[in-house]
Amino acid sequence: MAGVAGPMLRHDRAGAIRFLLGLLIGGLAGSVVLAVPFYVLGRLTEALLTEQVRWVVFGVVVVVAGVVDLTLRTPHVQRQVPQRLVRTLKPGPLGLVWGVDLAMLFTTQKTTSLLWVALAGLVLVAPGLAPALLAASWAVAWLAMVYLSVRRPTLIPIGEERLTWQDLVKILRRVSGTILLGTAVIGAFMLS
């Protein structure tokens, strides 16, 4: 979103602020909506499975996600937030719509499996944290977008830096896979 807000900051500072505020509000609303089914599913999982079984299942999810990332097969929907909305919506409503869309998590491309692991952790290990953690995560992501938009409103378009987007994604996925597998090994060692 820094790529959208950055040009707005150059040409329409008030519009960029409305966009970023809409993005915050929409993202918080979307994260709360997303938290409800994860909370309910997590509580149901708690009722049906013992804590030990939930930890084992979570460990398997972490290992599978690590392998998936290392083999560059991160699961995601091949869809991004609709770009055409930039031309049809005013900045505030645009931020609101994009915020909800991004915070719902399943409608945008994923670079690594870390998100899927975090969501599995909420369901299997800590469902009570889902509402607070998803909203807090969105707020942190929003702050990062604001920082990038304000600090570098003219970000270099992807592909014009030294690494291509595809190369960067490969690096990120391999690092993520390594971190996930390392975490699984350390977790298994600590739990045994």
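The values are calculated or read from the model by the stated rules, or taken from the named source; none is laboratory data. Fair warning: this is a prediction, and the values are worked out from it, not measured in the lab. Methodologically, a virtual Cβ is constructed for each residue, glycine included, from the backbone with ideal geometry; neighbour enumeration extends over all protein chains shown. The area values use the complete protein model at the heavy-atom level, side chains included, leaving out ligands, DNA and RNA. Shrake-Rupley method; radii C 1.70, N 1.55, O 1.52, S 1.80 Å.
Please verify whether region 56-76 includes one or more residues that are within 25 Å of Leu143 (Cα to Cα) and in contact (Cβ under 8 Å) with a residue 12 or more places away in the chain.
yes
Condition check ((1) assigned to a helix (DSSP H, G or I); (2) open to solvent by 60 Å² or more (accessible area, probe 1.4 Å); (3) closer than 23 Å to Val175 by Cβ; (4) not basic (Lys, Arg)) across all residues:
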position: Ala35; (1), (2), (3), (4): yes, no, no, yes
position: Val53; (1), (2), (3), (4): yes, yes, no, yes
position: Gly66; (1), (2), (3), (4): yes, no, yes, yes
position: Leu72; (1), (2), (3), (4): no, no, yes, yes
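Residues of region 159-171 being part of a helix (DSSP H, G or I), open to solvent by less than 100 Å² (accessible area, probe 1.4 Å) and either at pLDDT below 85 or not charged (D, E, K, R) (or both), which ones?
Asp167, Leu168, Val169, Ile171
Among the residues of region 55-86, count how many are under 19 Å from the mean Cα position of the chain (by Cα), of a type outside the set (A, V, I, L, M, F, W, C) and modelled with pLDDT of 75 or more.
5
Look at Arg84 and say whether it is basic (Lys, Arg) and more than 30 Å from Phe189 (Cα to Cα).
In short, yes.
Which residues, taken from region 12-33, are open to solvent by 60 Å² or more (accessible area, probe 1.4 Å) and either among the small types (Gly, Ala, Ser) or within 19 Å of the chain's Cα centre (by Cα) (or both)?
Selection gives Leu21, Ile25, Leu28, Val32, Val33.
Based on what the data block shows, is Leu9 open to solvent by less than 20 Å² (accessible area, probe 1.4 Å), modelled with pLDDT under 90 and not small (Gly, Ala, Ser)?
Here the answer is no, as Leu9 does not meet what is asked.
Looking only at residues in region 111-135 that are farther than 16 Å from Val57 by Cβ and small (Gly, Ala, Ser), which one is most open to solvent (accessible area, probe 1.4 Å)?
Ala132
The conditions are (1) crowded, with 18+ Cβ neighbours inside 10 Å; (2) at pLDDT 90 or above; (3) not β-branched (Val, Ile, Thr), and Arg174 fails exactly one of them. Which is it?
Here Arg174 clears every test but (1).
Go through (1) touching a Pro at 6+ places or on another chain (Cβ under 8 Å); (2) at pLDDT 95 or above one by one and return the number of the condition Leu44 breaks.
Here Leu44 meets the rest and fails (1).
Take the conditions under 23 Å from Val32 (Cα atoms) and at pLDDT 80 or above and apply them to Val123. Does it pass?
yes
Conditions: (1) at pLDDT below 85; (2) more than 27 Å from Gly22 (Cβ to Cβ); (3) of a type in the set (Val, Ile, Thr); (4) more than 18 Å from the chain's Cα centre (by Cα). Ile156 meets all but one. Number of the miss?
Ile156 satisfies all of (1) at pLDDT below 85; (2) more than 27 Å from Gly22 (Cβ to Cβ); (3) of a type in the set (Val, Ile, Thr); (4) more than 18 Å from the chain's Cα centre (by Cα) except (2).
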